[in-house]
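Heads up, the thing below is written out as structure tokens.
The values are calculated or read from the model by the stated rules, or taken from the named source; none is laboratory data. All values derive from a computational prediction rather than experimental measurement. Virtual Cβ from ideal backbone geometry, glycine too; neighbours counted across all protein chains shown.
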Amino acid sequence: MTTVRAGLIQMGLKGDTDMTPDQIRDKMIEAHIPLIDKAGAEGVQVLCFQEVFTQPYFCPSQDAKWYAAVEKIPDGPTTKLMQEYAKRHHMVIVVPIYEEDITGVYYNAAAVIDADGSYLGKYRKTHIPQVAGFWEKFFFKPGNSGWPVFQTAYCKLGVYICYDRHFPEGWRALALAGAEYVVNPSATVAGLSQYLWKLEQPASAAANGYYVGAINRVGTEAPWNIGKFYGSSYVANPRGQLIAQGSEDNDELVIADMDMNMVREVRNTWQFFRDRRPETYGPLVQA
């Protein structure tokens, strides 16, 4: 297949943080369902949601209440439900949620579901920030999944979550593993790094010769109010050009048609993989 239709769903928090994690999950899923169905009706073949899409971005707190937001992958309710929707719409779905491995060991993860509803595997966020407003190490253990690339019905798909995007090594590892499309579900607010949102993922798409789907939530989330989540979800092509982009403020489905022949075309033009010098890169992996 030469054209793959990608969909990204960006959304603000539904309900409020005084509710239980289960109540918020129900409201967020309820709000997503119409957009999932819209994606199916419009022929989206690969759909991705934002980081920890069933919950607020609770990491400005260090409140153990949010440990109750964890779910198993693939046996938890959200993954199971999305398997049903994937099968119904013949659509690959990437499902970023707060994952429980065992009690007390939790990951920021994403399940990958194929277009027939089958569970393909998961990616666990590798790089975990720990700075004011982003106390993620309180909630997430650094991922141990490596750099999986999933052979889906429509493309070879990789996942790289939020803060991961600042680290070029993972982008390249996914490319070397065969990725043609990499999604980056995120939760990022206006301020210091907003200009990087427009820079890093397109640059990584160009450096690695694949498509990148970048997803960000919208709105503000009390009581933390660390800033405005500015949406602007987009798809960048292998030349680093944006081919679709969402608004800064609205819940919406962003759709882009990806010409997968461009992956080969760009890699044959810019011979970055041929001209790599891995034998000289030893210092990059020294602590």
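Scanning the stretch 183-233 for residues that are among the aliphatic types (A, V, I, L, M), touching a residue at least 24 places away in the same chain (Cβ under 8 Å) and over 17 Å from Gln245 (Cβ atoms) yields a count of 5. Among residues belonging to the stretch 1-33 that are in a loop (DSSP other than H, G, I, E, B) and touching a strand residue (DSSP E or B) at 6+ places or on another chain (Cβ under 7 Å), point out the one that is farthest from Tyr154 (Cα to Cα). Among those that are in a loop (DSSP other than H, G, I, E, B) and touching a strand residue (DSSP E or B) at 6+ places or on another chain (Cβ under 7 Å), it is Leu13. Here Val182 meets each of (1) more than 27 Å from Val44 (Cα to Cα); (2) touching a helix residue (DSSP H, G or I) at 6+ places or on another chain (Cβ under 9 Å) with one exception, condition (1). Taking the criterion of being buried (at least 23 other Cβ atoms within 10 Å of the Cβ) and over 12 Å from Ala115 (Cβ atoms), the residues of the stretch 34-49 that qualify are Ile36, Ala39, Cys48, Phe49.
Matching residues to (1) more than 23 Å from Val92 (Cβ to Cβ); (2) touching a helix residue (DSSP H, G or I) at 6+ places or on another chain (Cβ under 7 Å):
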{"residue": "Ala214", "(1), (2)": "no, yes"}
{"residue": "Tyr234", "(1), (2)": "no, no"}
{"residue": "Met258", "(1), (2)": "no, no"}
{"residue": "Trp270", "(1), (2)": "yes, no"}
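Taking (1) among the aliphatic types (A, V, I, L, M); (2) within 20 Å of Asp16 (Cα to Cα); (3) crowded, with 24+ Cβ neighbours inside 10 Å in turn, Ala69 satisfies each apart from (3). From the list Glu99, Glu84, the lone residue that is of a type in the set (Asp, Glu) and either crowded, with 20+ Cβ neighbours inside 10 Å or at pLDDT below 95 (or both) is Glu99.
Rundown of residues vs (1) under 20 Å from Gln55 (Cα atoms); (2) modelled with pLDDT of 95 or more; (3) touching a strand residue (DSSP E or B) at 6+ places or on another chain (Cβ under 6 Å), yes/no style:
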| position | (1), (2), (3) |
| --- | --- |
| Leu192 | no, no, no |
| Asn208 | no, yes, no |
| Tyr211 | no, yes, yes |
| Leu242 | no, yes, yes |
| Asn261 | no, yes, no |
| Asn268 | no, yes, no |
| Gln271 | no, yes, no |
| Thr280 | no, yes, no |
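For the stretch 245-287, filtered to residues that are without any contact (Cβ under 8 Å) to a residue 24 or more places away in the chain and among the aliphatic types (A, V, I, L, M), the residue that is farthest from Cys155 (Cα to Cα) is Ala287.
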